[in-house]
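The values are calculated or read from the model by the stated rules, or taken from the named source; none is laboratory data. Being a predicted model, the structure only gives us computed values, none of them experimental. Heads up, the Cβs are rebuilt from the backbone with ideal geometry, glycines too, and the neighbour counts pull from every protein chain shown.
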Amino acid sequence: NARDSWPMQWNGLTFEARRTAFRHMGVFQEHSVHWRFAQEKIRSAGRPIKALNLFGYTGMMSLACAAAGAEVVHLDASPKSNGYGKDNQAMSGLNDR
């Protein structure tokens, strides 16, 4: 019996991968190059950064930006995805951001 979800980590962030009816995992790992790029730009900006993540899905870009110090607004049209994003935020210890 296969599990429906399991915790994973990327660069100090913890998130839950979930099998969906669409065969998605709740995260697109190939986007990690973009998460790292955003973190590098935020950390090297030398000033406060605000980020708007539209189509935020389960929040990995939002979490990457928040972990790097940005103030983030995360939006997705799917209430379920937003819920998963909040779960991932809590799992990563970023509830205060």
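General observations
- Taking region 61-80 as the range and being without any contact (Cβ under 8 Å) to a residue 40 or more places away in the chain and buried (at least 19 other Cβ atoms within 10 Å of the Cβ) as the test, the residues that pass are Met61, Ser62, Cys65, Ala66, Ala68, Ala70, Val72, His74, Asp76.
- Residues in region 59-97 that are at pLDDT 95 or above and of a type in the set (Phe, Trp, Tyr): 0 in all.
- Odd one out for Thr58 among (1) exposed (fewer than 13 other Cβ atoms within 10 Å of the Cβ); (2) of a type outside the set (A, V, I, L, M, F, W, C); (3) touching a Ser or Thr at 6+ places or on another chain (Cβ under 6 Å): (1)
- Scan region 43-60 for residues that are in a helix (DSSP H, G or I) and free of Cβ contacts under 8 Å to residues at least 12 places away in the same chain and the total you get is 1.
- Residues that are in contact with a strand residue (DSSP E or B) (Cβ under 9 Å, 6 or more places away or on another chain), over 18 Å from Lys86 (Cβ atoms) and modelled with pLDDT under 90, drawn from region 26-58: Gln29
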